[in-house]
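Structure first, commentary second.
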Amino acid sequence: MLQRKEYPRPQFQREEWLSLNGEWEFAFDDQDEGIKKGYDTGKISFPQKINVPFTYQYEASGIGDTACHERVWYRRAFKANLKKRALLCFNGSDYVTDVWVNGKHAITHTGGFAPFSVDITDFLTEDNVLVVRCYDPFDPTIPRGKQSWTNERFGCWYIPNTGIWQSVWIDYFGGDCIEKYQLIPDYDKCSISGEIVTLRNKADEAEIEITFGGKVVKKNRFDLDGKHTRYCIKLMEQNFVDADYAWSPGRPALFNAVFRLYQSGNCVDKAHTRFGLRKVSADGNQICLNNTPLYQRLILDQGYWRESGLTPPSAEAIKKDIELAMAMGFNGARKHQKFEDPYFYYYAEELGFLSWCEMPSAYNFCEEEMKRISQEWNEIVSAARNFTSVICYVPLNESWGVRNIVADSDQQNFARSLYYATKALDNGRLISTNDGWESPETTDILGIHDYAYDSSEFSDKYRADRYDELYPQGRRLMAYGCKYSGQPVLLTEFGGIAMKSDTKGVNWGYNEGSADQDEFYARYDNLLMGIYANKEFQGFCYTQLTDVQQEVNGLLNADHKPKFDLAKIKKLTERNIN
């Protein structure tokens, strides 16, 4: 049986914690009678068992039932440390999650991809029962990414994940703890700044200790300004000739940091994190990392596994994916329609692997969809902005959920609102507002999707003087009334080449499948030659890393095993590198 027992949030790790992954009691509630039956009291046993954090639709859960069940219940007992306060944490639970502790309602959280937590101390005794109910209807106004809303796999939409799909645990702390934190690097000034938000407004001091290469470089202790406190710390440069302290794909240098909270002189909370000192910017049509031109060789990564769907089977499996992508010459990934398990971003920053953070789409434009996307995107950005590897945000993809954005001013204004809200939360990353086509003018990057069979038209087709009237994939590149204004241009989806032998039944890839591996290499090489030859492009993103259910155009199969010679793929991917 697969088990997730590692500390679930490695970027902000407390020393005393309790894993709640593993076996829980479980029940479907198709008639919505759980409350009437007293499920919330914790006194009623449930008929099935489930392996958390894997969802009932996939084999790793121990159930593997792909039928639609909109309401599901979880129950488990646990012992608590009553000498400390307890923070119950979820990395991801889809979609509306209600939590009861010993029959007392603790929280309702709405959103399937963002992490959340609640202080459950006042509900605890030595022996406790935790009950969770999740409601996940087939509603296209709900942000769901690649999860089908028809209960059938179709196109590039897959079997859903309902309920708890990432780790659950308890962090222990003293009289107060850090509820949220922000740690923003300033590469040019060699400093960090941010905000500390305390949970209970009891702590009166904070300390941040920063080390690099095992040596303390700064320790600042300062008074708190109530619940919300801003800070700024200047660091001494670690090398006065070369920036040995700077984070980049070639040299992923990391600073370690320890946050401590004090209440009346006593340390009540301590957490370990780390960060990379780096800068992402645009200089005209050029993307720069640390004031140096950056060419992005990205792989589209949907983060699905055969046995567990959206839930990675282990932290090691996530790291292995990154290592395989790097072995094929890619320096980053566009995480597609998913906010990934924290271990992806942890290993990406450790290995020097760039990442794009994308909002999972909803599919029915209306006031409710706008509200749901805006709320959950804000929560995702608040978490992602502390991840060093993340260099770009994608609030919308291919006009999904805003299908008339090309001409509808309301939908264009919604896209602009997401751009500006993202900038307000984090102005240290670039934004591709509606990646693919029908872009508003409010975007830092012009992302283009083109699944051409070959690259013969790329040089003439993609020129700055043509973008305002261009139709890649038959869709207008710029929305009506919006003009291209010199932003960096990337080909952010292309390829999707499948093997002809794999495209049987419902299985598919883009264009005709390759007859054999030699044909695949030739087509892959042709596409990359055309991309590198066009100096308009500042990078690319190849579709895709793995096969996903019926979409069989991955460089790895659905078991995340290579389908091709890694060294050959790497040589072609890096063909312009001296």
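The values are calculated or read from the model by the stated rules, or taken from the named source; none is laboratory data. Only a predicted model underlies this, so the values are computations on that prediction, with no experimental measurement involved. No Cβ is skipped: glycine too gets one built from the backbone with ideal geometry, and neighbour counts run over all protein chains shown. These area figures cover heavy atoms from the full protein model, side chains too; ligands, DNA and RNA do not enter into them. Shrake-Rupley method; radii C 1.70, N 1.55, O 1.52, S 1.80 Å.
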Next on the checklist: Quick check on the range 516-534. Is at least one of its residues closer than 19 Å to ILE445 by Cα, outside any loop (DSSP other than H, G, I, E, B) and touching a Leu at 6+ places or on another chain (Cβ under 7 Å)?
Outcome noted: yes
Checklist entry - What number of residues in the range 466-506 are part of a helix (DSSP H, G or I) and in contact with a Phe, Trp or Tyr (Cβ under 8 Å, 6 or more places away or on another chain)? => result 4
Checklist entry - Inside the range 272-314, can you point out the residues that are in contact with a Cys (Cβ under 8 Å, 6 or more places away or on another chain), under 30 Å from GLN550 (Cα atoms) and among the polar types (S, T, N, Q)? => result GLN296
Checklist entry - Can you name every residue in the range 179-224 that is acidic (Asp, Glu), in contact with a Lys or Arg (Cβ under 7 Å, 6 or more places away or on another chain) and outside any strand (DSSP E or B)? => result ASP188
Item to check | Selected residue (criterion: modelled with the lowest pLDDT) from residues of the range 146-173 that are part of a strand (DSSP E or B) and under 23 Å from ASP301 (Cβ atoms) | outcome: PHE154
Item to check | Search result, residues across the range 442-456 that are touching a helix residue (DSSP H, G or I) at 6+ places or on another chain (Cβ under 8 Å) and either acidic (Asp, Glu) or surrounded by 14 or more Cβ atoms within 10 Å (Cβ to Cβ) (or both) | outcome: THR442, THR443, LEU446, ILE448, HIS449, ASP450, TYR451, ALA452, ASP454, SER455
Checklist entry - Among the candidates GLY530, GLY539, GLY554, which residue alone is within 23 Å of ILE159 (Cβ to Cβ) and buried (at least 21 other Cβ atoms within 10 Å of the Cβ)? => result GLY554
Checklist entry - Looking only at residues in the range 237-252 that are within 30 Å of the chain's Cα centre (by Cα) and open to solvent by 70 Å² or more (accessible area, probe 1.4 Å), which one is modelled with the highest pLDDT? => result ARG251
Checklist entry - Of all residues in the range 186-216 being open to solvent by less than 30 Å² (accessible area, probe 1.4 Å) and touching a residue at least 60 places away in the same chain (Cβ under 8 Å), which is nearest to TYR245 (Cα to Cα)? => result CYS190
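Residues checked against (1) open to solvent by 10 Å² or more (accessible area, probe 1.4 Å); (2) over 20 Å from the mean Cα position of the chain (by Cα); (3) in contact (Cβ under 8 Å) with a residue 24 or more places away in the chain:
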{"residue": "LYS270", "(1), (2), (3)": "yes, yes, yes"}
{"residue": "ILE287", "(1), (2), (3)": "no, yes, yes"}
{"residue": "TYR295", "(1), (2), (3)": "yes, yes, yes"}
{"residue": "ILE299", "(1), (2), (3)": "no, no, yes"}
{"residue": "GLN302", "(1), (2), (3)": "no, no, yes"}
{"residue": "TRP305", "(1), (2), (3)": "yes, no, yes"}
Item to check | Of the criteria (1) open to solvent by 10 Å² or more (accessible area, probe 1.4 Å); (2) more than 28 Å from ILE287 (Cβ to Cβ); (3) in contact (Cβ under 8 Å) with a residue 40 or more places away in the chain; (4) out of contact with any helix residue (DSSP H, G or I) (no Cβ under 7 Å at 6 or more places or on another chain), which one LYS561 fails | outcome: (3)
Next on the checklist: Anything in the range 564-578 that is part of a helix (DSSP H, G or I) and open to solvent by 10 Å² or more (accessible area, probe 1.4 Å)? List them, or say none.
Outcome noted: LEU566, ALA567, LYS568, LYS570, LYS571, LEU572
Checklist entry - Which residues, taken from the range 343-356, are of a type outside the set (Phe, Trp, Tyr) and either part of a loop (DSSP other than H, G, I, E, B) or free of Cβ contacts under 8 Å to residues at least 60 places away in the same chain (or both)? => result ALA348, GLY352, SER355
Next on the checklist: Being part of a helix (DSSP H, G or I) and either within 27 Å of ASP341 (Cα to Cα) or aliphatic (A, V, I, L, M) (or both) is true for just one of TYR393, TYR419. Which residue is that?
Outcome noted: TYR419
Checklist entry - So, of the residues in the range 152-175 that are farther than 14 Å from PHE54 by Cα and in contact with a Leu (Cβ under 6 Å, 6 or more places away or on another chain), which turns out to be surrounded by the fewest Cβ atoms within 10 Å (Cβ to Cβ)? => result TRP169
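The rows are residues; the columns are (1) in contact with a Phe, Trp or Tyr (Cβ under 8 Å, 6 or more places away or on another chain); (2) open to solvent by less than 50 Å² (accessible area, probe 1.4 Å).
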residue: TYR345; (1), (2): yes, yes
residue: LEU354; (1), (2): no, yes
residue: GLU367; (1), (2): no, no
residue: MET370; (1), (2): yes, no
residue: ALA383; (1), (2): yes, yes
residue: VAL390; (1), (2): yes, yes
residue: SER399; (1), (2): yes, yes
residue: GLN412; (1), (2): no, yes
Checklist entry - Is it true that GLY495 is within 27 Å of SER439 (Cβ to Cβ) and touching a residue at least 24 places away in the same chain (Cβ under 8 Å)? => result yes
Next on the checklist: Please count how many residues of the range 318-342 are in contact with a helix residue (DSSP H, G or I) (Cβ under 9 Å, 6 or more places away or on another chain), small (Gly, Ala, Ser) and either closer than 19 Å to ALA384 by Cβ or part of a helix (DSSP H, G or I) (or both).
Outcome noted: 3
Item to check | Members of the range 456-465 found to be in a loop (DSSP other than H, G, I, E, B) and within 25 Å of TRP356 (Cα to Cα), listed by number | outcome: TYR462, ARG463
Checklist entry - What is the one condition in (1) open to solvent by less than 30 Å² (accessible area, probe 1.4 Å); (2) in contact with a Cys (Cβ under 8 Å, 6 or more places away or on another chain) that LYS234 does not satisfy? => result (1)
Checklist entry - What residue, among those in the range 307-317 that are part of a loop (DSSP other than H, G, I, E, B) and open to solvent by less than 10 Å² (accessible area, probe 1.4 Å), is farthest from LEU183 (Cα to Cα)? => result SER308
Item to check | Residue list for the range 415-428, restricted to those being in contact with a helix residue (DSSP H, G or I) (Cβ under 8 Å, 6 or more places away or on another chain), farther than 21 Å from PRO185 by Cα and open to solvent by 10 Å² or more (accessible area, probe 1.4 Å) | outcome: SER417
Item to check | Selection from the range 1-45 of residues that are among the hydroxyl-bearing types (Ser, Thr, Tyr) and open to solvent by less than 60 Å² (accessible area, probe 1.4 Å) | outcome: TYR7, SER19, TYR39, THR41
Checklist entry - How many residues are farther than 28 Å from LYS270 by Cα and part of a loop (DSSP other than H, G, I, E, B) when one looks only at the range 47-88? => result 15
